[in-house]
Amino acid sequence: MSDFDDLYRDVILDHAKRPRNRGRPPTANRAATGDNPTCGDNCTVHLRLGDDGRVAAIGFEGSGCAISQASASIMTTQAKGKSPAELEAAFGHLKDILASGKTPADFDELSAFAGVHAFPARVKCATLPWHTALEALKQPDQPAQMVEGQKS
Ligand code: ZN
């Protein structure tokens with residue numbers, strides 16, 4: 001196994017090839033866009049924070065490398081039903097994995113990014129969708145049409 005095999009684990013390849021929650025959910029009323037110029041990744045996250053303070057709907061658009069696309073896909077599957085604080089905590093978990101390169105005992109899909117630790121230039125590919133989602137959570141609610149008309 002080369003380092004590169006580790007980098008592109010099955011979980012990452014699966015999400016990169018078949019991204020979950022791609023597109024803008026019809027109920028979304030908050031959005032943010034981020035980019036990672038060093039790799040050419042860009043990411044827009046659309047979401048709706050429910051009345052219960054939890055993510056009720058989330059989706060993403062954008063393009064980039066397999067790591068950024070897989071990270072966006074996994075982020076959306078983890079974000080649904082979470083409060084902003086819980087999403088921030090999950091992002092902290094990912095950052096720990098990226099910083100240490102270690103796979104935690106309680107395996108979840110975020111562990112797939114442990115291999116990215118060996119490629120510091122790619123860490124931003126993995127964190128971009130999370131930064132963008134947390135930024136979207138900070139935006140005020142907007143009427144759906146305004147979000148629709150927003151161009152970056
Ligand atoms: Zn990238």
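Of all the residues that make up the stretch 27-45, how many are within 15 Å of the ligand (Cβ to nearest atom) and among the hydroxyl-bearing types (Ser, Thr, Tyr)? So that I can check it myself, show each step before the final result.
Initial filter on the stretch 27-45 (within 15 Å of the ligand (Cβ to nearest atom)): 34-43.
If we keep only those that are among the hydroxyl-bearing types (Ser, Thr, Tyr) as well, we get 38.
Number satisfying all stated conditions: 1.
Note on the stretch 1-78: enclosed strands (runs of 3 or more DSSP E) holding 1 or more residues that are touching a helix residue (DSSP H, G or I) at 6+ places or on another chain (Cβ under 8 Å) and of a type in the set (D, E, K, R) are 30-36, 41-49.
Per the conditions (1) within 15 Å of the ligand (Cβ to nearest atom); (2) open to solvent by less than 20 Å² (accessible area, probe 1.4 Å); (3) out of contact with any Leu (no Cβ under 7 Å at 6 or more places or on another chain); (4) aliphatic (A, V, I, L, M), the sole criterion not satisfied by ALA114 is (1).
Taking every residue in the stretch 22-48 that is farther than 22 Å from PRO140 by Cβ and pairing it with any residue that is at pLDDT 95 or above and among the β-branched types (Val, Ile, Thr), at least 6 positions away or on another chain, the pairs with Cβ-Cβ distances below 8 Å are ASN42/THR33.
Among all positions in the stretch 91-100, there is at least one residue which is surrounded by 20 or more Cβ atoms within 10 Å (Cβ to Cβ) and without any contact (Cβ under 8 Å) to a residue 24 or more places away in the chain.
Working only within the stretch 46-84, note down all residues that are within 16 Å of the ligand (Cβ to nearest atom) and β-branched (Val, Ile, Thr). Can you show your working first?
Pass one, the stretch 46-84, residues within 16 Å of the ligand (Cβ to nearest atom): 60-75.
Within the stretch 46-84, ILE67, ILE74 qualify.
The values are calculated or read from the model by the stated rules, or taken from the named source; none is laboratory data. Source: prediction; values computed, not measured. Note: ideal-geometry Cβ built from the backbone for every residue, glycine included; neighbour counts use all protein chains shown. Note: areas computed on protein heavy atoms with side chains; ligands, DNA, RNA excluded. Shrake-Rupley method; radii C 1.70, N 1.55, O 1.52, S 1.80 Å.
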